[in-house]
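As structure tokens, the structure follows; a few thoughts come after it.
Just so you know, all these numbers are worked out from the coordinates, no wet-lab data involved. Since the structure is predicted, the reported quantities are computational estimates derived from the model, not experimental observations. With ideal geometry, Cβ positions are generated from the backbone for all residues, glycine too; neighbour counts draw on all protein chains shown.
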Amino acid sequence: MRRRCGRWGALALVLAARSCTFSASGPRRRVVQGLVQAGLARAAPAWAEARTSEERSAAQVFRDATPGVVSVSRSLRPGERRRPAEDGLPPSLGSGFVWDESHVVTNYHVVRDIGPQDIQIVFLDTSVKDDMPTREVLKGELVGTDPFTDTAVVKVYPPVGKRLVPMRPLPLGKSSSLEVGQSVFAIGNPFGLDHSMSKGIISGKSRTLDIGERPIQGCIQTDASINPGNSGGPLLDATGRVIGVNTAILTASGTSAGVGLAIPVDTVKKNVDLILKQGFVARGFLGITFAPDAISDALQIPGVVVFSVVPNSPAERAGVRPMLNGTIGDAITALDSTPIKSGTDIFRLLDKHVPGDVVSLGLRRARREESGDTTVEQVFLNITLSSTPRRK
């Protein structure tokens with residue numbers, strides 16, 4: 001069927017050529033273009049191969065980044081066969097990129113559900129100039145994670161008795177200096193299609209991604225196409241520098257159509273450095289679970305209502321009062337003299353502190369008098385932060 005379509009396409013071009021009056025330009029040029037596309041002309045004129053400077057720049061970004069973008073896979077489970085595709089690669093979980101000479105960075109949620117030693121990293125061999133380039137599968141081992149920023153670091157090991165493939169770290173940019181409207185490129189493995197690139201712009205900055213216990217602050221919003229499998233891959237600027245790590249899609253339909261969000265590289269760099277140094281990221285920990293902001297709004301209580309307090313935490317030792325039997329306890333109204341309006345405000349301020357720092361917590365506390373009346377007082381507590389409990 002494909003060959004038949006090709007013949008009819010060529011016939012149509014020939015018939016069109018016979019019905020034209022040829023001139024130095026115009027119809028003849030269009031017919032020659034059609035013949036070239038149909039494969040009937042051997043030599044393509046220079047103008048047929050011309051690309052815009054923007055296209056050449058985008059192609060160069062892809063060529064430079066490809067050696068540093070990887071597929072994150074897992075080992076085969078007992079009785080499981082390799083992918084039915086002809087490449088025979090292990091099951092792809094997401095994307096990642098080369099950080100240094102022996103480490104790859106990806107999302108925590110990409111490697112969360114597999115064993116720390118069951119990770120496999122797939123590199124594309126760019127030295128082979130072929131339509132079917134070869135891929136090299138190497139063993140990976142989880143070094144450490146930071147679930148609160150969806151970051152994971154994997155160490156790559158060479159095959160037994162062989163040297164490690166050349167690792168080509170991607171250059172890092174600065175997310176703090178980004179502007180809305182900048183061109184960006186997302187490279188990864190959407191739906192297992194390795195090393196796919198999409199282009200877009202920065203659509204927004206300083207977005208909050210609420211995907212777990214602690215929202216991720218300062219995320220980059222982009223309209224570059226991000227799909228399942230892109231997670232953990234790099235978001236690049238027009239010069240090919242990493243400015244973010246593609247992480248999530250905000251969608252109202254439950255499909256892959258929506259707004260793409262990437263964790264800013266400034267946040268990633270800080271946390272990766274800590275993981276490489278000590279295996280984890282230590283954060284200041286209060287030991288408070290906050291009630292949804294909607295409760296404060298419905299009850300017209302300023303600040304954030306304390307829902308529960310972790311036993312033996314800094315908050316419990318300082319005397320913070322949680323909700324009890326449906327009765328509202330304390331509401332946080334300030335942290336270090338900064339007014340608090342939502343739980344996001346608290347996390348944003350806590351991210352500036354480390355374990356051992358002393359913070360001043362302003363609380364709105366209701367007190368029931370013997371007469372049955374309720375009075376409200378403002379309480380200030382100095383609390384020494386501990387370290388966030390590490391997840392196993």
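Listed values, structure above:
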| item | result |
| --- | --- |
| Signed unit charges on C-beta, dipole axis of segment 253-387, positive-most listed residue Pro339, Gly260, Thr327 | Gly260 |
| Sorted peptide list for 311-318, 296-303, 149-156, 358-365, criterion being average Cβ within 10 angstrom, highest first | 149-156, 358-365, 311-318, 296-303 |
| Reachable lysines, given that their alpha-carbon falls under 17 Å from the alpha-carbon of Lys162 and they are not under 8 places away in the same chain | Lys139 |
